[in-house]
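Notes follow the structure.
The values are calculated or read from the model by the stated rules, or taken from the named source; none is laboratory data. Quantities reported herein were computed from a predicted structural model and do not represent experimental measurements. Note: ideal-geometry Cβ built from the backbone for every residue, glycine included; neighbour counts use all protein chains shown. Protein only, heavy atoms only, side chains kept; ligands, DNA and RNA dropped before computing areas. Shrake-Rupley method; radii C 1.70, N 1.55, O 1.52, S 1.80 Å.
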Amino acid sequence: MTKRSRRTLDQDDALCCCEYIDRHGGRSHMAACCCDCEDLDDACDRWMKKAPQNPDSLSRVVATISDRLRVPWISGAQQVDLSLIPPLILLPVFLHIAALHYLLGILVLTALPIMVLWYYYFTHRKKGRTLFFLSLALFSLFYMFYLFITEVVPRGDVNHFQLGAVMAGVVLTVISLIITKRGPGYVRPRPSDTHSTVTYHKPPPDVDAAYLNGERHQVVIANHAGPPEQISESGTAQESVQRMNWCTVCKVVRPPRAGHCRICGVCILRLDHHCVWINSCVGQANHLSFLLTLVFFLLTSLYGISLVLRSVCPHQSVMTALLYCPDVYKQYSSALCFTCAWYSSIVTGGLLHLLILQLINISFNVTEREARLALREKTGRSRLWGLIIDTGVYSRGFRSNWTEFLTMSKASESSNHKPSDLV
């Protein structure tokens, strides 16, 4: 089977809303999604002839399907990540099944967090990027709000002020998430180490294309391929420090507290951790907005849960309604609201634990990455069963630590620029 020749994209020839550049670099159209499927044809031929499949045949078929699953857009058809789809289908199905009977509710609400945690550890072990968790988080937020509008508000137990408060909480959560997604702050090469800059219209294989959002990838050519040599009075010590902070992947000297994210493939200023729920790193430029996202979400969720429980369990207090709400399963609408309140409570509990850890780390001026390194190298003090990790390196007191945290994003570079590799 011969492959048809692909017309390469002229840089001056704009894409229409249904055209895109496929994974082979050729220009294609959404209407041709079922044409020229060599990988799928080869797999089907081998299956029909009962011949053994190639080891990479399945991955090539999945890559082809993922590359051709697109939606029209102004600047060209945009690719839809397959990991976005499962939460949009499974979450409503599971919640509606859980609302049928309290035993099904116990089974589903127990199995759902276990499956999510299993998938988290599966993807975390492979160090791969996925939009599953971001899709699950955003869809959970909007789906819970949709059910609140359609199932709880018509009951007449929620006044306009309470509805406005919930809507304001959802809007503030989304705005703070958008600000967080602008970027964590990237480590830039020093001008003295820069020889020239080359722009590629396709990302290199070791940098995730989704991370660059389809934009051009700039590569900085360095004056040297290894750690820079420094000549000064303390040349040996300074050279040792720079060699220790040298990133062999990004080819840059990392400043103090910066770290390389193996998932994103770049070095981040004051790297705290890579958060799968926002599909991005948390660093110097977006740590504050990330904390505000958690706070807004938790306040909105807790307030929304209290309003739902007051509506479906009017004769019970909010503290006991989750554990004891008689006759709630006699009406499907009430059972669905009660199930969603339980689901929101589970999510809220997990994010509340994350928020507490963040507040403790900020108070001791330690990042999550530094805490893990301190535990591994046994250089930090662990308190309260590992809840508090004090490295004693950057802490300057509670007030000074919080002042540094609240002002550090102003000192970071603009997060609108994309990261560059120094090679």
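Exactly one condition in (1) modelled with pLDDT under 90; (2) surrounded by 12 or more Cβ atoms within 10 Å (Cβ to Cβ) is false for Arg125; which is it?
(2)
Return the total of residues in region 128-145 being more than 14 Å from the chain's Cα centre (by Cα) and either farther than 16 Å from His96 by Cβ or among the small types (Gly, Ala, Ser) (or both).
Applying the first criterion (more than 14 Å from the chain's Cα centre (by Cα)) to region 128-145 yields 140-145.
Checking the rest, the ones that are also either farther than 16 Å from His96 by Cβ or among the small types (Gly, Ala, Ser) (or both) come to 140-142, 145.
Total satisfying the criteria: 4.
When the residues of region 236-289 are narrowed to those that are assigned to a helix (DSSP H, G or I), open to solvent by 40 Å² or more (accessible area, probe 1.4 Å) and modelled with pLDDT under 90, which ends up farthest from Arg372 (Cα to Cα)? Steps first, answer last, please.
So the first thing to find is which residues in region 236-289 are assigned to a helix (DSSP H, G or I), and the list is 236-244, 287-289.
With the extra rule that they be open to solvent by 40 Å² or more (accessible area, probe 1.4 Å), the set shrinks to 236-241, 243-244, 288.
Applying the additional criterion that residues be modelled with pLDDT under 90 yields 236-241, 243-244.
Numbers: Thr236: 29, Ala237: 26, Gln238: 26, Glu239: 26, Ser240: 23, Val241: 21, Arg243: 22, Met244: 18 Å.
Once the filter is applied, the top-ranked residue is Thr236.
Would you confirm whether any residue within region 349-356 is among the small types (Gly, Ala, Ser) and in contact with a strand residue (DSSP E or B) (Cβ under 8 Å, 6 or more places away or on another chain)? So that I can check it myself, show each step before the final result.
Initial filter on region 349-356 (among the small types (Gly, Ala, Ser)): 349-350.
Remaining after also requiring in contact with a strand residue (DSSP E or B) (Cβ under 8 Å, 6 or more places away or on another chain): none.
No: region 349-356 contains no residue that is among the small types (Gly, Ala, Ser) and in contact with a strand residue (DSSP E or B) (Cβ under 8 Å, 6 or more places away or on another chain).
Considering every residue within region 104-116, establish whether at least one is touching a strand residue (DSSP E or B) at 6+ places or on another chain (Cβ under 7 Å), open to solvent by 70 Å² or more (accessible area, probe 1.4 Å) and of a type in the set (S, T, N, Q). Talk me through it step by step, then tell me what you get.
In the first step, residues of region 104-116 are kept if they are touching a strand residue (DSSP E or B) at 6+ places or on another chain (Cβ under 7 Å); the result is none.
No.
Assuming Ser415 fulfils every condition listed in (1) under 24 Å from Gln284 (Cα atoms); (2) surrounded by 18 or more Cβ atoms within 10 Å (Cβ to Cβ); (3) modelled with pLDDT of 90 or more apart from one, which condition is it?
Single failed check for Ser415: (3).
Report, by residue number, each residue of region 77-92 that is open to solvent by less than 70 Å² (accessible area, probe 1.4 Å) and out of contact with any strand residue (DSSP E or B) (no Cβ under 9 Å at 6 or more places or on another chain).
Pass one, region 77-92, residues open to solvent by less than 70 Å² (accessible area, probe 1.4 Å): 77, 80-87, 91-92.
Hits for region 77-92 are Asp81, Leu82, Ser83, Leu84, Ile85, Pro86, Pro87, Leu91, Pro92.
Do you know which residues across region 301-324 are buried (at least 20 other Cβ atoms within 10 Å of the Cβ) and either part of a loop (DSSP other than H, G, I, E, B) or in contact with a strand residue (DSSP E or B) (Cβ under 7 Å, 6 or more places away or on another chain) (or both)?
Cys313
Only residues in region 302-325 that are over 14 Å from Thr339 (Cα atoms) and free of Cβ contacts under 8 Å to residues at least 24 places away in the same chain count as the first member; pair them with residues that are hydroxyl-bearing (Ser, Thr, Tyr) and open to solvent by less than 60 Å² (accessible area, probe 1.4 Å), Cβ under 9 angstrom, at least 6 apart or cross-chain, and list the lot.
Hits for this filter: Val318/Ser306.
Give the residue that is modelled with the highest pLDDT, with candidates limited to residues of region 388-403 that are part of a helix (DSSP H, G or I) and under 13 Å from Leu359 (Cβ atoms). Steps first, answer last, please.
Kept after step one, since they are part of a helix (DSSP H, G or I), are these residues of region 388-403: 398-403.
So of that shortlist, the ones also under 13 Å from Leu359 (Cβ atoms) come out as 398, 401-402.
Working: Phe398: 89, Asn401: 89, Trp402: 93.
By that ranking, first place goes to Trp402.
Among all residue pairs at least 6 apart or on different chains, which show Cβ distances below 7 Å where the first residue, located in region 111-129, is free of Cβ contacts under 8 Å to residues at least 60 places away in the same chain and the second is surrounded by 11 or more Cβ atoms within 10 Å (Cβ to Cβ) and part of a helix (DSSP H, G or I)?
Cβ pairs passing all conditions: Tyr119/Phe132.
Kindly list, by first and then second residue, each pair from a residue in region 338-366 that is free of Cβ contacts under 8 Å to residues at least 60 places away in the same chain and open to solvent by 40 Å² or more (accessible area, probe 1.4 Å) to a residue that is outside any loop (DSSP other than H, G, I, E, B) and among the charged types (D, E, K, R), limited to pairs with Cβ atoms under 6 Å and residues at least 6 apart or on different chains.
What qualifies is Phe364/Asp390.
For region 66-87, indicate whether the set of residues that are touching a Phe, Trp or Tyr at 6+ places or on another chain (Cβ under 6 Å) and within 30 Å of Gln331 (Cα to Cα) is non-empty.
yes
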